[in-house]
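Below is one structure, written out as structure tokens; the observations come after it.
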Amino acid sequence: MKTSNVGLIGLAVMGENLALNMESKGFTVSVFNRNFPGEEGVVDRFINGRAKGKNFIGTHSIDEFVNSIAKPRKIMMMVKAGSPVDELIEQLIPYLSPGDVVIDGGNSDFPDTERRVKYLESKGFYFVGSGVSGGEEGALNGPSIMPGGAVDAWPLVKDVLQGIAAKADDGAPCCQWMGKGGAGHFVKMVHNGIEYGDMQLITEAYAVLKHRKGLDNDALAGVFEKWNKGDLDSFLVEITAAILRYRDEDGTHLLDKIRDVAGQKGTGKWSAITALNENDPLTLITEAVYARLLSALADERKKASSIYAAPTANDSLITETDVEQALYAAKLISYAQGFSLMSRASAHYEWELDYGSIASIWRKGCIIRSAFLNKITEAYRKNPSLENLLFDAFFQGKIEAAMPSLRKVVAEGALSGIALPSMSAALSYFDGLRTLHSAANLIQAQRDYFGAHTYERVDSEPGKFFHTDWTGKGGKTVSGTYNV
Ligand code: 6PG
């Protein structure tokens with residue numbers, strides 16, 4: 001019986017394109033799709049359509065699917081995150097052999113992946129949770145792939161995953177092992193959080209240029225096209241220019257007809273929740289999530305806009321270059337925050353994430369691909385234990401040059417009533433970070449005043465806690481000194 005090199009379950013757009021990508025790299029691929037109502041005949045349509053004449057084995061039951069793959073089996077699932085992944089794992093288990101590898105290529109939440117790696121290990125199988133970024137086109141022509149999970153599975157799946165991944169300009173595949181447990185899906189979650197941040201920052205630049213510089217869509221497209229040839233060269237800036245140029249069938253710009261309510265599938269929100277759980281100030285990405293939530297309050301926005309007028313606009317004090325520089329500075333701060341979250345979580349989960357490697361596999365294939373990621377790769381290659389991207393000499397020079405523009409743009413937004421939540425978050429984070437003496441002494445005093453929560457003193461050693469009876473009416477008992 002003919003056997004395949006790899007199996008793929010889930011022939012929606014990403015799965016179908018990944019399967020075609022695998023086949024084009026010389027692998028024979030078994031495919032299967034569960035027969036949900038409305039999805040009957042998906043396998044046959046694929047086999048007789050885009051897969052015609054190619055090295056695929058179309059199968060119609062889990063049993064037939066698993067048995068058609070050479071051992072140790074590599075089975076990639078491209079199904080909706082959440083319970084469908086657990087259900088499919090349960091359906092696969094009775095047919096697997098020891099040493100088989102199950103790869104989840106969906107956008108799963110990393111704690112689920114941590115759990116699944118252990119669960120499959122307990123049954124003698126390997127589980128790999130792999131982020132895959134690049135959308136439909138990336139899946140077909142080369143995505144960025146972020147695998148993690150059962151460490152012993154990596155040598156078994158490396159050829160297929162690196163084979164189908166995008167290649168950076170230096171020829172390196174945009175797929176490297178991220179670490180044990182949920183590391184791969186965690187890194188993909190942070191990628192998506194950064195994607196939210198990038199999209200929000202571009203959107204804020206669009207708002208400022210449109211409302212303060214009075215640029216129309218074609219002029220705006222020209223600006224983004226120009227930026228795409230400089231430091232901001234990236235996929236998201238490139239598609240923004242294309243979107244601004246795009247005209248509907250009636251010849252007018254489609255963008256102006258799109259409702260201003262942003263959707264989301266959850267990965268940005270997970271990044272923000274994870275950051276809070278790790279005590280990490282991921283402010284910019286979190287504001288980008290909030291901005292989507294606020295956009296969704298369409299009725300309340302309508303009401304508020306009828307009650308509160310925008311401040312009377314003064315003459316604009318910023319140039320187009322200021323907006324470009326502000327976008328660059330805020331983007332850099334966003335990446336600094338994203339990498340900071342990764343290092344905190346890496347220490348917590350003992351993943352030993354390699355930040356140079358992560359930046360390098362984001363250079364091509366994924367949604368946040370950009371020239372900028374070459375520079376981040378260089379920064380971490382120079383110093384793998386860099387505490388914060390803002391401490392890298394190259395980025396220090398860049399941020400010093402760009403900060404005056406970020407300050408001006410945020411100020412102009414504030415004075416003219418244009419919400420710039422992520423640019424403002426970038427500025428506040430930067431100023432907070434470079435403040436030697438923060439004002440948190442007052443917070444500590446307040447906590448001690450009303451709740452005997454104690455404080456440390458600048459004239460004593462850190463870790464020694466004091467309590468003051470501020471009113472003369474309190475006792476000597478202090479609250480527990482635990483911190484979350
Ligand atoms: C990618 C994308 C992708 C994500 C979509 C939708 O890397 O290819 O991040 O994984 O699911 O962009 O995300 P939202 O619906 O949450 O905006």
* Structure fact -> Scanning region 226-265 residue by residue, the ones that are surrounded by 13 or more Cβ atoms within 10 Å (Cβ to Cβ), touching a residue at least 24 places away in the same chain (Cβ under 8 Å) and away from the ligand (no atom under 15 Å from the Cβ) total 9
* Does H453 fit the bill of being assigned to a loop (DSSP other than H, G, I, E, B), within 30 Å of I399 (Cα to Cα) and modelled with pLDDT of 95 or more? -> no
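Going by the structure shown, is E195 more than 25 Å from S316 (Cα to Cα), more than 15 Å from the ligand (Cβ to nearest atom), open to solvent by less than 50 Å² (accessible area, probe 1.4 Å) and not aliphatic (A, V, I, L, M)? Give the steps one after another, and end with the answer.
Details: more than 25 Å from S316 (Cα to Cα): yes; more than 15 Å from the ligand (Cβ to nearest atom): no; open to solvent by less than 50 Å² (accessible area, probe 1.4 Å): yes; not aliphatic (A, V, I, L, M): yes.
When the stated conditions are applied, E195 does not pass them.
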* Write out, first by first residue and then by second, each pair whose Cβ atoms fall under 8 Å of each other, whose residues are 6+ apart or on separate chains, and whose first residue, in region 1-23, is farther than 17 Å from A165 by Cα and of a type outside the set (A, V, I, L, M, F, W, C) while the second is open to solvent by less than 10 Å² (accessible area, probe 1.4 Å) and modelled with pLDDT under 95. => none
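Can you confirm whether G181 is away from the ligand (no atom under 16 Å from the Cβ) and surrounded by 24 or more Cβ atoms within 10 Å (Cβ to Cβ)? I'd like the intermediate steps shown before the answer.
On the way: away from the ligand (no atom under 16 Å from the Cβ): yes; surrounded by 24 or more Cβ atoms within 10 Å (Cβ to Cβ): yes.
Here the answer is yes, as G181 does meet what is asked.
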* Structure fact -> In region 122-133, anything open to solvent by 10 Å² or more (accessible area, probe 1.4 Å), of a type in the set (G, A, S) and either within 17 Å of G182 (Cα to Cα) or within 16 Å of the ligand (Cβ to nearest atom) (or both) is listed as S122
* Pick from Y328, Y308: which is farther than 22 Å from L433 by Cα and away from the ligand (no atom under 16 Å from the Cβ)? -> Y308
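Does A150 qualify as being open to solvent by 10 Å² or more (accessible area, probe 1.4 Å), touching a strand residue (DSSP E or B) at 6+ places or on another chain (Cβ under 6 Å), closer than 18 Å to V102 by Cβ and away from the ligand (no atom under 11 Å from the Cβ)?
Values: open to solvent by 10 Å² or more (accessible area, probe 1.4 Å): yes; touching a strand residue (DSSP E or B) at 6+ places or on another chain (Cβ under 6 Å): yes; closer than 18 Å to V102 by Cβ: yes; away from the ligand (no atom under 11 Å from the Cβ): yes.
Yes.
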* To do: Go through (1) in a helix (DSSP H, G or I); (2) open to solvent by 40 Å² or more (accessible area, probe 1.4 Å); (3) not aromatic (F, W, Y) and name the single condition D170 misses.
  => (1)
* Can you name the residue in region 274-297 that is under 30 Å from V187 (Cβ atoms) and not in a helix (DSSP H, G or I) and is also farthest from the ligand (Cβ to nearest atom) among such residues? -> N279
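Residues that are touching a helix residue (DSSP H, G or I) at 6+ places or on another chain (Cβ under 6 Å) and of a type in the set (S, T, Y): which helices (runs of 4 or more DSSP H) entirely in region 298-387 hold 1 or more of them? If you could, list the steps in order and put the result at the bottom.
Numbers: elements: 298-307, 320-349, 355-361, 372-382.
In region 298-387, 320-349, 355-361, 372-382 are the helices (runs of 4 or more DSSP H) which contain 1 or more residues that are touching a helix residue (DSSP H, G or I) at 6+ places or on another chain (Cβ under 6 Å) and of a type in the set (S, T, Y).
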* Number of the exception - L156 against (1) within 30 Å of A425 (Cα to Cα); (2) open to solvent by 10 Å² or more (accessible area, probe 1.4 Å); (3) touching a strand residue (DSSP E or B) at 6+ places or on another chain (Cβ under 6 Å) -> (1)
* Asked: Within the set of pairs 6+ apart or on separate chains, which have a first residue in region 129-144 that is touching a residue at least 12 places away in the same chain (Cβ under 8 Å) and closer than 13 Å to M78 by Cα, a second that is of a type in the set (D, E) and near the ligand (Cβ under 7 Å from one of its atoms), and C-beta atoms under 9 Å apart?
  -> S133/E195
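In region 349-377, which residues are among the aliphatic types (A, V, I, L, M) and either within 16 Å of the ligand (Cβ to nearest atom) or open to solvent by 30 Å² or more (accessible area, probe 1.4 Å) (or both)?
Of region 349-377, the ones among the aliphatic types (A, V, I, L, M) are 353, 358-359, 361, 367-368, 371, 373, 376.
Passing the criteria: I358, A359, I361, I367, I368, A371, L373.
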* **Subset of region 110-121 [acidic (D, E) and either surrounded by 20 or more Cβ atoms within 10 Å (Cβ to Cβ) or away from the ligand (no atom under 16 Å from the Cβ) (or both)]** => E114, E121
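Condition check: open to solvent by less than 60 Å² (accessible area, probe 1.4 Å) and either touching a residue at least 40 places away in the same chain (Cβ under 8 Å) or touching a Gly at 6+ places or on another chain (Cβ under 7 Å) (or both). Does V31 satisfy that?
Details: open to solvent by less than 60 Å² (accessible area, probe 1.4 Å): yes; either touching a residue at least 40 places away in the same chain (Cβ under 8 Å) or touching a Gly at 6+ places or on another chain (Cβ under 7 Å) (or both): yes.
Spelling it out, V31 is indeed open to solvent by less than 60 Å² (accessible area, probe 1.4 Å) and either touching a residue at least 40 places away in the same chain (Cβ under 8 Å) or touching a Gly at 6+ places or on another chain (Cβ under 7 Å) (or both).
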* Say whether the condition of being within 16 Å of V409 (Cβ to Cβ), more than 26 Å from the chain's Cα centre (by Cα) and either within 16 Å of the ligand (Cβ to nearest atom) or surrounded by fewer than 21 Cβ atoms within 10 Å (Cβ to Cβ) (or both) is met by at least one residue in region 215-223. => yes
* Asked: Hey, among the residues in region 432-446 that are among the hydrophobic types (A, V, I, L, M, F, W, C) and part of a loop (DSSP other than H, G, I, E, B), which one's surrounded by the fewest Cβ atoms within 10 Å (Cβ to Cβ)?
  -> L436
* Leading residue by the ranking (most open to solvent (accessible area, probe 1.4 Å)) among those in region 47-83 that are basic (K, R) and part of a loop (DSSP other than H, G, I, E, B) -> K80
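Yes or no, residue by residue, for (1) of a type in the set (S, T, N, Q); (2) within 16 Å of the ligand (Cβ to nearest atom); (3) over 30 Å from G184 (Cβ atoms):
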| position | (1), (2), (3) |
| --- | --- |
| G338 | no, yes, no |
| L341 | no, no, no |
| L389 | no, no, no |
| Q396 | yes, no, yes |
| A426 | no, no, no |
| Y429 | no, no, no |
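The values are calculated or read from the model by the stated rules, or taken from the named source; none is laboratory data. Note that this is a predicted model, so its numbers are computed, not measured. Neighbour counts are summed over all protein chains in view; Cβ atoms, including those assigned to glycine, are modelled from backbone coordinates with ideal geometry. Side chains included, ligands, DNA and RNA excluded: accessible areas come from the protein's heavy atoms. Shrake-Rupley method; radii C 1.70, N 1.55, O 1.52, S 1.80 Å.
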